[in-house]
Amino acid sequence: MFGSIAADLMLVVLIGILSQWVAWRYRLPAIVVMAIAGLLVGPIFGFINPKETLGELFSPIISFAVAIILFEGSLNLDFREIKGFSKPLTRIVTFGAFIAWIAGSLAAHYLAGLSWAVAFIIGGLFIVTGPTVILPMLRQAKLKPRPAALLKWEGIIVDPFGALLAVFAFEFIKFVNGQVTLAALGLFVVASIFAVFIGWASARILGSAFEKGNVPEFLKAPVLFAVVLFAFVLSDELMHETGLLAVTAMGIVMANMHLTSIHDIRQFKENISVLLISGIFVMLTASLNPHILIEIFDWRIITYVLAMLFIVRPLSIWVSTIGTDLSNREKNLIGWVAPRGIVALTVSGYFASILLENGYKDAELLTALTFALVLSTVVLHGFSIGPIARRLNLTTTDESGVLIVGGTKFAAELAQSIQDTGNEVLLMDTSWAGLSHARKLGLSSHVGDILTEQTEYTLDLSPYRYMLAMTKADTYNAHICADFLYDIGRENLFQTAFHVGDGVASFNVTGGRTLFTPALSIYDLEERMNSGHVFRKTVLSHQYSYTQYLRERDDRSVLLYILREDGTVEFYTPKEELQAVAGDTIVALSHPNKQIERAIERIAEEKGETDVRHEEIEKRFSEDHGKTKSPIPGEAPPSIQAGPTKSPSS
C-alpha cells in the first residue's frame, strides 16, 4: 500500500494485534480472524505483500519467529503435568505420528496425485499441529485437563519432528536415487542428535547462570532471547530444520529445571510470542499469490483435505491409543482436532522451491495443498472444538468452583468457608508469602499472575465457575475483571469494592460485579477479620424464613453468599437482591457480640432464668473458643442457634 518495509511491517503488526482483540472481544478463534485479515489485506485487496517487500529478509524473519514461538511453547512442558497420561501421550507422538505419516503420504499419492517422493515429504510435514494454532484454540474451548494437556503436548513436541521428518524423507529419497551417500544420510541423524545436545547444553548453562545470580534480573529475558536464537541458528546451519529441534529441547529442559526466575522469563516470552504469532500469521497469509486461492478448489486438493480430516487423523489416534485408558469421547475429540499452522506453511514453502529445483514438477501443488489444509483445519477445528467438546462433556462443568485471586486473611477464611460447602476452591497470589494464610488452613493455592497467558496453560481453570478478584490492588482487580469478562461472563466475575479512604468504598466497577452487601473494600474486610468478626452460617427453614432472617440479623454483618440446597453458591452484590428459600444457607461475616448475645439467650433458656450476667456468658464463650480465635469457617459453636428453629450456624 505504502511501498516501504516500515509501512508494511507496521500494518502487519497492527492488523495482527487488532485481529487478536476482535477474537477476544467476540470470542472467536483468534487464528481464524488472523487468517481472514491476512487474506483480505493481501491477495484479495492487494494492500500489502510482505514477501515482496521484505525480499530475502522474509524467510529469516519467519524462521526466527517460529523458533521463539516454539521455545515459548516448550517452556510450558513440565513433565509433572503428564503424570497419569504419559502412556497415551507417548503413543500419540511416536506410533500415532508414524501412522499419520504413512497414511498421509498414501493419501497425497493416490488422492492428490503427487509422486511418491513428494508425497512422503509432505506426509511427514503434515503430522504437525503446532502451538501457534492449538494453544489459542485450547484457551477458548476450556477443555478438561487431560484432553487439553494431550493436545498441547502433542502440538509442541510433534512440531519440530514434523519438519525433521520431511527433511529425513527428502534426504532418504536422494539416497535412494543415488544423489547422496549413506554417510550423508547418517550425517543427518547425527546432526539431529547434536541439535538436541545444543538445546540441552544451552538450557543447563543458562539455567545454572540464572540460579547462581551470574545474570542480573533486567538482563535475564534479553540474554535468554539471544541464546534461543543462537541455538536455533547454530543447529540450522549444521543441518536445515534441526534448529526447531534444538529450541524445543532447550525449552523442555528449562521447564523441568524449575528455576526460581522462570515465571518472569515465561511472562516476557509470552508477550513476545503473542506479538509474533499475530504478525507472522498475517504476513504468511497476506503474501499468498491470488492464484493459490483458486487452486485450492481443485478436486484433488479437496479430496486430500477431506481424507486428512476424516480418515488419517482419526485413524492415527484410535490405533495408537489402543490399550490406553483414554475414553472413546477423548479419542473422538483428539482424533478430530489437528489444526496446522505456521510451521506447515513455512517448511512447505521451503520444500516446494527445493523440490522444483531438483526436477519434481508436481511440487508446484505443495503451496496450494498446504494452504488448503491449514485454512480448512484452522476454520473447522477453531469453530467446532468448543461445541464438539461440550457435546462430548469434555469442557468446563457448571459446578460452583471458586477461584479467588488474592491471599489475604479474609480471602483465605472465605475460601475455607466455601470449601466446607463441598465446592472446589483455589486461592491464587503473585507471591508465595501472600498465600501464607491459605497454607495454614490447608487450602489449595497457586503462585502466579492470573493475567498472564502462561497461567492459562499451566493452571486448569475448568473446575472454577466463579472468579473473585480480591487483591489489595484495586486497579489490578479491575484489570482481571476486564480481561476475563468475555471468557467467564460478567455474571460469574466479581471484585471487592474500591477503597477510597475514610472507610468509604466505591463499587462502580467496569466489567465484573462488586462483592457483598454492603460493598466493602478488602481493607475494610481485613480490618473486620482482625477485630474478631467471624463467618456465620444460617440455615433457613419453613419456620425461619429469609424475611425473618433479614429482619433479625445484625446491621453490622456483611452478607457474603447463599449456599443453595443443591450445593451451588451465589454471591451477594449491592445492586442485586438475592432471594432465598427453605433449605438454603446464608453465610455472613458477623460481629462476635451477636454470637455472645445468642449464647446468653440459649443458656438462659437452659437454666430457666430470665437474667444471665453478660460476663458469665462471655467467659464461657471464651473458654470454648478463645477470645482472639475466630470459629473455624463453616463450624458453629454448639451453644449458638440461628433463630427460633434448630438450624446449624456459626
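The values are calculated or read from the model by the stated rules, or taken from the named source; none is laboratory data. These numbers come from a predicted model, not from an experiment. Every residue, glycine as well, gets a Cβ built from its backbone with ideal geometry; the counts of neighbours run over all protein chains shown.
How many residues, within region 530-568, are surrounded by 22 or more Cβ atoms within 10 Å (Cβ to Cβ), farther than 21 Å from LEU520 by Cα and of a type in the set (A, V, I, L, M)?
Qualifying residue count, region 530-568: 1.
Confirm whether THR408 is at pLDDT below 85 and of a type outside the set (A, V, I, L, M, F, W, C). Don't jump to the end; show me each part of the working.
Values: at pLDDT below 85: no; of a type outside the set (A, V, I, L, M, F, W, C): yes.
Judged against the criteria, THR408 is not a match.
Among what's in region 21-42 and is surrounded by fewer than 19 Cβ atoms within 10 Å (Cβ to Cβ) and not aliphatic (A, V, I, L, M), pick the residue that is farthest from ALA141 (Cα to Cα).
Among them, the one singled out is TRP21.
Given the structure, is ARG340 crowded, with 24+ Cβ neighbours inside 10 Å and out of contact with any Leu (no Cβ under 8 Å at 6 or more places or on another chain)?
Values: crowded, with 24+ Cβ neighbours inside 10 Å: yes; out of contact with any Leu (no Cβ under 8 Å at 6 or more places or on another chain): no.
Criteria not met by ARG340.
For (1) out of contact with any helix residue (DSSP H, G or I) (no Cβ under 7 Å at 6 or more places or on another chain); (2) closer than 21 Å to PHE79 by Cα, each residue gets a yes or a no:
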| position | (1), (2) |
| --- | --- |
| GLY178 | yes, no |
| PRO216 | yes, no |
| ALA221 | no, no |
| VAL227 | no, no |
| VAL233 | no, no |
| ASP236 | no, no |
| THR242 | no, no |
| GLY251 | no, yes |
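Do the conditions hold for LEU54, that is, is it part of a helix (DSSP H, G or I), farther than 21 Å from PHE232 by Cβ and without any contact (Cβ under 8 Å) to a residue 60 or more places away in the chain? It would help to see each step written out before you state the result.
Working: part of a helix (DSSP H, G or I): yes; farther than 21 Å from PHE232 by Cβ: no; without any contact (Cβ under 8 Å) to a residue 60 or more places away in the chain: yes.
Here the answer is no, as LEU54 does not meet what is asked.
Can SER208 be described as polar (S, T, N, Q) and in contact with a Leu (Cβ under 8 Å, 6 or more places away or on another chain)?
Numbers: polar (S, T, N, Q): yes; in contact with a Leu (Cβ under 8 Å, 6 or more places away or on another chain): no.
It is false that SER208 is polar (S, T, N, Q) and in contact with a Leu (Cβ under 8 Å, 6 or more places away or on another chain).
Regarding region 321-336, can at least one residue be identified that is part of a helix (DSSP H, G or I), over 31 Å from the mean Cα position of the chain (by Cα) and either touching a residue at least 60 places away in the same chain (Cβ under 8 Å) or closer than 26 Å to PHE170 by Cα (or both)? Working first, answer last.
Pass one, region 321-336, residues part of a helix (DSSP H, G or I): 328-336.
Next cut, over 31 Å from the mean Cα position of the chain (by Cα) only: none.
No - not one qualifying residue is present in region 321-336.
With (1) surrounded by fewer than 20 Cβ atoms within 10 Å (Cβ to Cβ); (2) part of a helix (DSSP H, G or I) as the list, and ALA415 as the residue in question, which single condition is left unmet?
(1)
Of everything in region 536-568, what is of a type in the set (Phe, Trp, Tyr) and not in a loop (DSSP other than H, G, I, E, B)? Give them in sequence order.
The first filter runs over region 536-568 and keeps only residues of a type in the set (Phe, Trp, Tyr), leaving 544, 546, 549, 561.
Within region 536-568, TYR546, TYR549, TYR561 qualify.
Test VAL190 against the stated conditions and say whether it is assigned by TED's automatic domain parsing to the domain that holds THR248, surrounded by 16 or more Cβ atoms within 10 Å (Cβ to Cβ) and within 19 Å of PHE161 (Cβ to Cβ).
Values: assigned by TED's automatic domain parsing to the domain that holds THR248: yes; surrounded by 16 or more Cβ atoms within 10 Å (Cβ to Cβ): no; within 19 Å of PHE161 (Cβ to Cβ): yes.
Considered against the rule, which asks whether it is assigned by TED's automatic domain parsing to the domain that holds THR248, surrounded by 16 or more Cβ atoms within 10 Å (Cβ to Cβ) and within 19 Å of PHE161 (Cβ to Cβ), VAL190 comes out as no.
Residue-wise test of (1) under 41 Å from the mean Cα position of the chain (by Cα); (2) part of a strand (DSSP E or B); (3) at pLDDT 80 or above.
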{"residue": "GLU570", "(1), (2), (3)": "yes, yes, yes"}
{"residue": "GLY583", "(1), (2), (3)": "yes, no, yes"}
{"residue": "ASN593", "(1), (2), (3)": "no, no, no"}
{"residue": "GLU605", "(1), (2), (3)": "no, no, no"}
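Quick one: in region 292-311, which of the residues that are in a loop (DSSP other than H, G, I, E, B) and within 8 Å of ALA368 (Cβ to Cβ) is modelled with the highest pLDDT? If you could, list the steps in order and put the result at the bottom.
Filtering region 292-311 for residues in a loop (DSSP other than H, G, I, E, B) gives 296-298.
Then keep just the ones that are within 8 Å of ALA368 (Cβ to Cβ); that gives 296, 298.
Working: ILE296: 81, ASP298: 85.
Checked region 292-311; the qualifying residue modelled with the highest pLDDT is ASP298.
Name the single residue that is nearest to ALA141 (Cα to Cα) among those in region 351-373 being free of Cβ contacts under 8 Å to residues at least 60 places away in the same chain and assigned to a helix (DSSP H, G or I).
ALA352
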